[in-house]
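Trainee: First the structure, then my questions, so here it is.
The values are calculated or read from the model by the stated rules, or taken from the named source; none is laboratory data. As the structure is a prediction and not an experimental result, all values here were calculated from the model. Glycine also receives a Cβ, built like all others from the backbone with ideal geometry; neighbour counts cover every protein chain displayed. Surface accessibility is based on the protein's heavy atoms, side chains included, excluding ligands, DNA and RNA. Shrake-Rupley method; radii C 1.70, N 1.55, O 1.52, S 1.80 Å.
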Amino acid sequence: MAAESKHLGGEITAIRRADGESRTLAASLPRLVLEARRIAANVIHGLHGRRRAGAGETFWQYRRFVSGEPSQNVDWRRSARDDHLYVREQEWEAAHTVWLWPDRSPSMAFASRQSRDSKLERGLIVTFALAELLVAGGERVGIPGLMNPTASSGVIDKMAQAMLHDDADRLSLPPSFVPSALAEIVVLSDFWSPIGEIRSMLAGLSASGAHGTLLQIVDPAEETFPYSGRIEFVEPEIGSVITAGRAERWVSDYIARVALHRDEIRSETNKLDWLFSTHTTSRSAAELLLFLHSGMMVNKGSARIANVKVGRSA
Amino acid sequence: MIASLPLSFAEPVLLLGLLSLPLLWWLLRVMPPRPRRIEFPPTRLLFDIAPKEETPSRTPWWLTALRLLAAALVILAAAGPIWNPQTGLAGSSAPLVILLDDGWSAAASWDTRVKAADELIANADSDRRGVALVPLSEPARDITLMPAGTARVALRQLAPKPYSIERVETLPSVERFLKATGNCEIAWLSDGVDTGRGPEFLEGLSKTVGDRGLTIFDAGTPPPLALAAAENAAAKMTVKVLRTNGGVTAGIVRAVDPKGSPIGEARYTFAPQARETEAAFDLPVELRNDIARLEISGERSAGAVQLLDKRWRRRAVGIVSGSTNETAQPLLASTFYLTRALAPFADVRLGDRGAPQQAITQFLDQKLPMIVLADVGTLSPEIRERLAAWIEQGGVLVRFAGPRLAQADDDLVPVKLRRGGRILGGSLTWEKPQHLASFTADGPFVGLAVPKDITVNRQVLAEPDAVLATKSWASLEDGTPLVTGEHRGKGVVSLFHVSADMRWSDLPMSGSFVEMLRRIVDMSGYTSSPGAGVASEAKVETMAPLRTLDGFGAFGPPPSTAKPMPVDFRDRATPEHPPGFYGPADGPLAVNTLAAADRIAPLDTSALRAQHASYTNAEPRDLRGILLSSSLALFLIDAIVVAMLGGGIAALLRRRAAPAALVFMFVLSTMLAAPQPSRADDNDDFAIKAVSQTRLAYVVTGNSDVDSIVKAGMSGLTLFLAQRTALEAGDPVGVDPAHDELAFFPLIYWPVMPGAPKPPQDAINRIDAYMKQGGTVVFDTRDAIEAPPGDAGASQTPGMQALRNILSSLDVPELEPVPREHVLTKTFYLLRDFPGRFNTGQTWVETLPRDDDDDAASRPARGGDGVSPIIITSNDLAGAWALRPDGQPMLPLTPGEPRQREFAFRAGVNIVMYTLTGNYKADQVHAPALIERLGQ
């Protein structure tokens, strides 16, 4: 109970900090947006044309004025060219939904001494910044099971409020739900769950044909295993314990095991044409954000680059 | 008892427990330390890794060693260690005979000795043995077996004797006692000093003791020191410091006057292996004469004291003149020169009975050690014989030549004289006056500087013979002797071949004359022969003891055994004549424990078949407490270390210690270095920076807010100056008046903080010098807005009071508010007042000289002669000048009238221009008139 409340307290702090940091991150994003535009220059950004007339801002076609229409629809400049009256039609544009899932389970609260932030904090920062960026770009953003998709400009506040008032269990992976086929899903987690759970989650989410990105946020210590001596390792979520007599001897095996785990996840995502990448908290959050943004653009442009790796040390 | 350490154990068997330490070592090595507990999210992956071999990581060796040490301490403590265990002879039931050295040489460590005896008695008491206590100084004492209680009382009554004891003399009675008693155990509490008959005693002792058990206590106390052979030599008082061997290598001898006040101290240092050394008191003779007692500082024994009496003091010298006109012209008489020359170091007595013969008789009766005969010619045979005898006994006779001596003929001169004097440089001679050439190397004058300015016009000449050269003490340039001398018996006869007045030479007027006489006087009667000859002819008188020394070297009333001393007694002290002062209180004679020639030697007891033991001079101490508490402390340290290792600080310690320490040191050093960027360590840099450009300066107050505002203000003013005037100054400089050189700056802006402490005197002095040398200091109290209303209000703010505190020790000229026509209002801009952030404050400058002539009133500007060294304002000028980096003003203005900031800058420009150009603008008012005149 105490550990639970401690974790919750840590989460609140993390949310508050991430709130502020993500705003500055998003505020500095004009640069990132530019960067993203440069990377995916030919990709339509923001609202997406539906190739039919409707509510929108870009010109679609002129059509003859039909009597009975309000006369203010008449485009007088065009109509002056000949004897007919024309109405100017715009292309119908609709926003598309992005589901973000920041993992807020206790394991995400881990932060070794080498890292700047805990994984939780980094995940939240990126989630908030991405949400702000997407909303600014006209998309609708939601958190499965926590917040319905919204395009409101105060999305960070909404998300933060929703998280602060969330009293459900903190799950590692998103609850199963059925996103629309065009929805985009971004899962930010450490993905230390067994491969079976990850597999079933992916199967559920991709069933409707939605695409997404899995982003593994890890601490540098989880990459390098910088431990030595007699150490008792405790799993923070289920509390299982293993004692290493000489931890320094476990390093190579551990690194191999992590690589194996990632390969398994990657093979799943490749099958589904999802993106999978890893991010170390010792790297900058902006880097990750840029990757995510450009990755989603690329995804839409169907010029899929498999196994884009950003945020990992080369 | 362990070999040499004074350490023993109550339960030595428990020390076997130490054997278990290797086992403990093995156990400690094997036992794994507590694992560190780390939350690690990917732990589930770790389950998939096959467990590696699980040998525990070892405890660090030093931690094991720490624990072993703690365990060893516990075992040692359990064995009951005792430091300085009690001395004791055990294992026998025979009576115990304690031989106790109780001469002066035992006094210094008497307490230790008594304690050892006490412990011996206590041990004997617990074994129910009888005790015989034999002080070796008392051969007559009856030796009996006593119960322990009585022996203890007897022991308490013993005190060290102030003289050297002869242990041999006690041997017969010891032998008698041993024969009567039969089996005995003998303990000799020795002081380790052989005062003469040591080997004889040892031989006798071994014979006496036979095959009885003998234990000699002779280690554990510092060997005694002694003083002997004090001499009041020519330039200093010397005394020999004696030791047996080893022990003290250096120390201090103190000189004390008769009332006990200290006169001086002298250091002595023993060369290695040396048994004697010398301590010298380099004191004026008057002070040396006051010394009544020399003692080794810190050594409590009669042997470490030397008593000095009048024989060590300045000598009385009788002067007899043969001339008759002495009283007619007293300032030209030889007695006058002699008296003046001898007075500094000798007691001069003039023969006041008409004829020389009578005076000599009188002095001989007075037993003076030295008599000076100035130009005394013929002496009656009777007197001559007495004089000769007196000289044989040690008297010093000094004669001066003169017309009478030149004609006389007696043998009381060291050399044969040629009749008639020799005149140099006179009309009848062929030689020029002679100068003093040299002092002979073996004469008494050796080492004196040879004066070059002494001329000798006339002298008596010695018959040249083979021994003349050896008798000559000083000679003239032509080789003829000036002073001759000869030892006769114990005494000395000396002759100055010139007269004691100015007629024959100017020697009596020179400083060398004094020194030469001093050397001769020093030859007369001291230690070995002081007044000996004088006294010996008199019948043997006795002197009653006045004050005597006890064994510890302290004065006390004479003991009943002390007997009156013959006047010529000069041997070492004896039981009958203990050391001390004898005779009349105003001029007592001293008897010392050791005579001048006595030396002390160590007593070599190694040949004796005996056990040796040491004195213990400390209380036995139970070491259990110390051991247990230190072991507890070690366990505590161990616990802390384990906690640290478990807590992960170990990783920090192990891996990051070196870099972390380096980083820490680096940070520390930069932090230490940081507060003094403009400070003194490279004064040259500061000076070069300061003089390469004109710079405004401000005083760093230490308050970072104020300092940053002032710095920004000075930068703002510098910028304004560069924009509006020809002055393109460098960046302003913050100075600390206590450390930095101020002379480089034309203007120093000093923000005064309320409650600022008064600067150190050093800083005040620098400021004062700066102001005197033409610098200007602008004091700004920055608090015009806080001033209470009213005329005097401005001077009552806390800032003003702080300023007053600073100025109280400065030499500040008379001040006045800036008058309208002051040149400060006209140096660049025409200003009426000097606003800053506030505009209500008054600005004060040095009062201009008032000239009352008529045209003064009409002059538009007055400049005085120099620049006011001080400007005081409370308007916070720097606050108004302060600009942010983006060029916007830092602080709002009060009341914020339009252009107030512009005027504040203009005031700053005027002040800077004023300090740079002085009263030049005051002269400019005449420019039209001058130009007009030039045009004509």
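Trainee: To the nearest 10 Å², what's residue B:16's accessible area with a 1.4 Å probe?
Mentor: The accessible area of residue B:16 comes to roughly 110 Å².
Trainee: Moving to a separate point now. Rounded to the nearest 100 Å², what's the accessible area chains A and B bury against each other, both chains counted, probe 1.4 Å?
Mentor: 3200
Trainee: What residues have an amide H closer than 5 Å to that of residue B:374, excluding those fewer than 5 places away on the same chain, when H is modeled at 1.01 Å from N in the peptide plane?
Mentor: Correct list: B:320, B:321, B:322, B:400.
Trainee: Starting from the Cα coordinates of the stretch A:56-201, work out the convex hull volume and express it per residue in Å³.
Mentor: 174
Trainee: Give a residue-ordered list of calculated ³J(HN,Hα) values for the stretch A:212-222 (Karplus: 6.51 cos²θ - 1.76 cosθ + 1.60, θ = phi - 60°; whole Hz; x for Gly, Pro).
Mentor: With the stated coefficients, the stretch A:212-222 comes to x, 9, 9, 10, 8, 9, 10, 7, x, 5, 6 Hz.
Trainee: Here's a follow-up. Starting at the first residue of the stretch B:11-18, write each ³J(HN,Hα) from the Karplus equation 6.51 cos²θ - 1.76 cosθ + 1.60 with θ = phi - 60°, in whole Hz, x for Gly and Pro.
Mentor: Values per residue, Gly and Pro as x: 10, x, 4, 5, 5, 4, x, 4 Hz.
Trainee: Could you please tell me the mean projected area of the C-alpha convex hull for the stretch B:741-835, averaged over all directions and given in square nanometres to one decimal?
Mentor: On the way: hull surface 28.3 nm².
Projected over every direction and averaged, the Cα hull of the stretch B:741-835 covers 7.1 nm².
Trainee: Let's test the formula: R0 of 41 Å, r as the Cβ-Cβ distance of residue B:810 and residue B:884. What FRET efficiency results, to the nearest 0.05? Please list the in-between numbers first.
Mentor: Numbers: r = 35 Å, r/R0 = 0.85.
After rounding to 0.05, the efficiency reads 0.75.
Trainee: P(r) of the stretch B:209-362 in 5 Å steps, Cα pairs, percent per bin?
Mentor: That works out to 2, 8, 14, 14, 11, 9, 9, 8, 7, 6, 5, 3, 2, 1, 1, 1, 0, 0, in percent per bin.
Trainee: Per residue of A:109-117, what is the mean number of Cβ atoms on other protein chains within 10 angstrom of that residue's Cβ?
Mentor: So the per-residue partner count for this stretch is 1.
Trainee: Oh, and also: List, in order, the whole-Hz ³J(HN,Hα) value for each residue of the stretch A:179-195 obtained from phi through the Karplus relation with A = 6.51, B = -1.76, C = 1.60 and θ = phi - 60°; use x for Gly and Pro.
Mentor: For the stretch A:179-195, the Karplus-derived couplings read x, 5, 5, 8, 5, 10, 10, 10, 10, 9, 7, 8, 6, 8, 5, x, 4 Hz, x marking Gly and Pro.
Trainee: Need one value for B:362-375: mean number of C-beta atoms belonging to other chains within 10 Å of its residues' C-beta atoms.
Mentor: Counting Cβ atoms of other protein chains within 10 Å of each residue's Cβ and averaging gives 0.
Trainee: Could you pull out every residue, at least 5 positions away or on a different chain, whose amide H is within less than 5 Å of the one on residue A:218? Hs are placed 1.01 Å off N in the peptide plane, and Pro or chain starts have none.
Mentor: For residue A:218, the qualifying residues are A:279, A:280, A:281.
Trainee: Amide H of residue B:187: which non-local residues (sequence gap of 5 or more, or other chain) have their own amide H closer than 5 Å, using H built in the peptide plane?
Mentor: B:97, B:98, B:99, B:215
Trainee: Give me the number: length gained by fully extending residue A:224 to residue A:248, i.e. 0.36 nm times residue separation minus the C-alpha to C-alpha distance, one decimal in nm.
Mentor: 7.6 nm
Trainee: What full-extension length gain, to one decimal in nm, is calculated for residue B:276 and residue B:847 as 0.36 nm per residue of separation minus the Cα-Cα distance?
Mentor: Full-extension gain reported as 197.7 nm.
Trainee: On to the next question. Report the extension gain between residue B:47 and residue B:689 in nm, rounded to one decimal, defined as 0.36 nm multiplied by the number of residues separating them, less their alpha carbon distance.
Mentor: Length gained, residue B:47 through residue B:689: 224.3 nm.
Trainee: Can you work out the FRET efficiency for the pair residue A:152 and residue A:17, with r the C-beta to C-beta distance and R0 = 25 Å, to the nearest 0.05?
Mentor: 0.65
Trainee: Still on this structure, please answer the following. Toward the positive end of the charge dipole of the stretch B:216-264, about the Cα centre and with charges on Cβ (Lys, Arg +1; Asp, Glu -1), which of B:238, B:263, B:226 goes farthest?
Mentor: The residue sitting most towards the positive pole is B:263.
Trainee: Under 22 Å between alpha carbons, and skipping anything fewer than 8 positions from residue A:271 in its own chain: which lysines qualify?
Mentor: Excluding near neighbours in sequence, the set is A:300, A:309.
Trainee: Once the Cβ-Cβ distance between residue B:738 and residue B:840 is put in as r, and R0 is 35 Å, what FRET efficiency do you end up with, to the nearest 0.05?
Mentor: 0.60
Trainee: For a quick protection proxy, order the peptides A:73-81, B:628-636, B:833-841, B:250-258 by their average other-Cβ count within 10 Å, most packed first. Walk me through the numbers on the way to the answer.
Mentor: Working: A:73-81: 12.3, B:628-636: 14.6, B:833-841: 24.0, B:250-258: 17.7.
Listed from highest to lowest mean packing, they are B:833-841, B:250-258, B:628-636, A:73-81.
Trainee: Would you please put B:192-201, B:297-306 in order of how densely packed they are, using the mean number of other Cβ atoms within 10 angstrom per residue and starting with the highest?
Mentor: B:297-306, B:192-201
Trainee: What pairs in B:310/B:416; B:161/B:259; B:367/B:563 have C-alpha atoms more than 31 Å from each other?
Mentor: Details: B:310/B:416 36 Å; B:161/B:259 24 Å; B:367/B:563 26 Å.
Over 31 Å apart, Cα to Cα: B:310/B:416.
Trainee: Using per-residue counts of other Cβ atoms within 10 Å, averaged over each peptide, order B:687-696, A:62-71 from highest down.
Mentor: Details: B:687-696: 16.0, A:62-71: 10.0.
In descending order of packing, they fall as B:687-696, A:62-71.
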